[in-house]
1. Taking 1 over the mean of 1/r across every pair of different Cα atoms in region 97-148, what Kirkwood radius in Å do you get?
2. Given [x] 1.32; [y] 1.05; [z] 1.21 as candidate values of Cα Rg over 2.2 N^0.38 Å, which corresponds to the one derived from the coordinates?
3. Assigning unit charges at the beta carbon (Lys, Arg +1; Asp, Glu -1) and nothing else, what dipole magnitude in debye, to the nearest 20, does the chain show about its Cα centre?
4. Loop only per DSSP, at most 10 neighbouring Cβ atoms within 10 Å: give me the trypsin sites (Lys or Arg not before Pro) in region 25-130, ordered by residue number.
5. Which of the GluC sites (Glu not before Pro) across region 42-129 are loop residues per DSSP, with 16 or fewer other Cβ within 10 Å?
6. Could you give each residue of region 135-140 its phi-based ³J(HN,Hα) in whole Hz, using Karplus coefficients 6.51, -1.76, 1.60 with θ = phi - 60°, and x for Gly or Pro?
7. Using only Cα atoms, find the angle between the long axis of helix 66-76 and the longest principal axis of the chain, and express it within 0 to 90 degrees, rounded to the nearest 10.
8. Any idea which of Phe144, Gly57, Leu25 is furthest toward the positive side of the dipole for the chain, if Lys and Arg beta-carbons carry +1 and Asp and Glu beta-carbons -1?
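What follows draws every value from the coordinates through simple rules; no lab data is involved. Owing to the predicted nature of the structure, the values given are computational and were not obtained by experimental measurement. When we count neighbours, we look across all protein chains shown, and the Cβ atoms used for this are built from the backbone with ideal geometry, even at glycine.
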Amino acid sequence: MKRISRSCDCDPFAGPVICPDIGYLVSDDPVAIDKASLDLINNVKDTKSNLLDAINGETYETKQMYRVFLKNTKKTGNDVAELSFSLARKAEKVHAEIFSKYLKLLKKNKVIEKRKVFVCQICGNVEFVAPPAICSLCDHSQKFFNEV
């Protein structure tokens, strides 16, 4: 959801943007997409509050949610799921660190320059400016990074 206006985000002449870019939603159910879109738009707060919410969510995932997932997965012996949850947990920690850094800059009224953002499609690791030759979390090559 980008360029959200009172008209439609698909209309290049829709008028002024009334909500920050939220991201992408995927579903084969158009009613579910509409409901999720409205929920997201209605829950947008100021940047500081949004960053705090994001930090809390990523921290919960790192310290609690993925720990439980990993514990349960180890019992099943599913090595692929265990690796996936382990990588996701590491990526969520990186996300929390990034959000915390931006919150500190915001509190100091520092300008946050716009940079290119690259996400590893294997583990969710985030890198800025350019993708690394090898992902620091999952050891996959640069070709698995997509610019977002």
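1. 11.9
2. It is the value labelled [z].
3. Computed charge dipole of the chain: roughly 760 debye.
4. Lys45, Lys108, Lys110, Lys114, Arg115
5. Glu113
6. Residue by residue, region 135-140 yields 5, 6, 9, 10, 6, 7 Hz.
7. 40
8. Most positive-ward Cα: Gly57.
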